[in-house]
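J.: Sharing a structure with you now.
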Amino acid sequence: MNWITNYVRPRINSLFSRREVPENLWTKCPECGTMLFHRELSDNLNVCTSCDHHLAISPRDRFAALFDGGVFLDVKVPEPIADPLQFRDQKKYPDRMKAAQKATGEKEAMLVAEGEIGRTPIIAAAQDFSFMGGSMGMYVGNAIIAAAERAVKTKRPLVLFSAAGGARMQEGILSLMQMPRTTVAVEMLREAGLPYIVVLTHPTTGGVTASYAMLGDIQIAEPNALICFAGPRVIEQTIREKLPEGFQRAEYLLEHGMLDRVTHRKQLRDELVSILRLLGRMPAPTRADLPAPVAPSVQPEPAPAD
Ligand SMILES: [Zn+2]
């Protein structure tokens, strides 16, 4: 103990901790570093107002912006057995679950809902990357099956938003079994002649990419989303070669025929409505179905009279 630890360090610590911005007010854009006010950010669907980077958005916020009037009903998902392997790393699996539930306010890493978008009835499922990396465990498998069953029962298309670090290691082989289970669920939709649309969001990786996330009739991705099985760092270390610019990003995959569209989050809803109505042989969306275009803030100059 000396004066440095007793006096100087606490002073330095207090100086730095005082400068910390409260987490609930500001978010730093991971791409350009701009500090974004949380309300402004959520009004902009969690897209950076400075560089257009698409930050993560919670399934509930996404659904609120997606469904007409923000109205949707949760589809019930059967509960799987909790902690079947009694898994423990630094923390027990049930403790990790409790922490994730507390942080996100959700039960698990996927939310399933039904409602209408642009007056088109759909079932939607969205994965939550902030819930244990959106990892695919038994619950996520059950959620996709519940979504597919509900879609078949109500004859509605299924729109799925993927975001995942892969399978949930705490459930071992049981999480990997969700790959064939969800593939069968997608097959149910195909047999019923119902469209299945996947929107890949940043990041979609591992076993999720190797199953339901790449089986859509239409594959859409959000800009600059990382979509891969093994990540670029792993590949680079394995083959010991530098990977090309933008490798495994949405635009790169679009260019190489892996995707159908890369769509900005703000245009996504209208685009989904158009695609769903086209596939469902419904009349094209009218002004009443889509939100009216925003009036330009600057009035154009009147044309000079001849
Ligand atoms: Zn930014």
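J.: Run through the DSSP bridge list for the chain and note the antiparallel percent, rounded to the nearest 5.
T.: The antiparallel fraction comes to roughly 50 percent.
J.: Is the shape of the range 127-192 best called rounded, prolate or oblate, per the rule: a/c under 1.5 gives rounded, else a/b larger than b/c gives prolate, else oblate, with a ≥ b ≥ c the square roots of the Cα gyration tensor eigenvalues?
T.: Taking the square roots of the gyration eigenvalues as a ≥ b ≥ c, the range 127-192 is prolate.
J.: Rounded to the nearest 500, what is the 222 nm mean residue ellipticity of the chain from helices alone, with -39500 (n - 2.57) per DSSP H run of 4+ residues and division by all residues?
T.: On the way: 10 runs with 102 residues, N = 306.
So the calculated ellipticity at 222 nm is -10000 deg cm²/dmol.
J.: Hey, got the Cα dimensions of the range 130-253 along the principal axes, in Å, largest first?
T.: Principal-axis extents of the Cα atoms in the range 130-253, largest first: 49, 32, 24 Å.
J.: While we're here: Anyone know which of A167, A250, A64 comes out most mobile in the 10 Å Cα GNM of the chain?
T.: Answer for the Gaussian network model of the chain: A64.
J.: Also: Which value, in debye to the nearest 20, gives the size of the charge dipole of the range 43-188 about its Cα centre, when Lys and Arg are +1 and Asp and Glu are -1 at the Cβ?
T.: 320
J.: Give, as a single signed number, the net charge of other residues whose beta carbon lies under 11 Å from the beta carbon of D289, with Lys and Arg counted +1 and Asp and Glu -1.
T.: Combined, the nearby Lys, Arg, Asp and Glu give +1.
J.: Right, another one. Take the chain, connect every pair of alpha-carbon atoms lying under 10 Å apart with a spring to form a Gaussian network, then pick out the residue of M258, M282, M132 with the largest mean-square fluctuation.
T.: With Cα springs under 10 Å in the chain, the top fluctuation among M258, M282, M132 is at M282.
J.: While we're here: So, in the chain, how many Lys pairs have Cα atoms under 19 Å apart, if the pair is 8 or more places apart or on different chains? If you can, show how the numbers build up before the last one.
T.: Values: K76/K107; K76/K153; K76/K155; K91/K102; K91/K107; K92/K102; K92/K107; K98/K107.
Lysine pair count for the chain: 8.
J.: Take the chain, connect every pair of alpha-carbon atoms lying under 10 Å apart with a spring to form a Gaussian network, then pick out the residue of E40, E245, E114 with the largest mean-square fluctuation.
T.: E245
J.: Next up: Dividing the Cα radius of gyration by the Kirkwood radius, what Rg/Rh value follows for the chain?
T.: Numbers: Rg = 22.2 Å, Rh = 21.4 Å.
Ratio of gyration radius to Kirkwood radius for the chain: 1.04.
J.: Which of the cysteines found in the chain have nothing to pair with, since no other Cys Cβ lies under 4.7 Å from theirs?
T.: Result for the chain is C228, no neighbouring Cys Cβ within the cutoff.
J.: Provide L36, L73, L160 in ascending order of the number of other Cβ atoms located within 10 Å of each residue's Cβ, fewest first.
T.: The order, fewest Cβ neighbours first, is L73, L36, L160.
J.: Taking the Cα centre of the range 134-240 as origin and charging only Cβ (+1 Lys, Arg; -1 Asp, Glu), how large is the dipole, in debye to the nearest 20?
T.: 120
J.: So what's the convex hull volume per residue for the Cα atoms of the range 37-189, in Å³?
T.: 124
J.: Let me ask something else. Any chance you could get the radius of gyration and Dmax over the Cα atoms of the range 18-123, in Å?
T.: When restricted to the Cα atoms of the range 18-123, Rg and Dmax are 17.6, 50 Å.
Values quoted throughout were computed directly from the atomic coordinates according to the rules given, and no laboratory measurement underlies them. Here the structure is a predicted model, which means the values were calculated and not measured. Don't worry about glycine lacking a Cβ; one is built from the backbone with ideal geometry, like all the others, and counts go over all protein chains shown.
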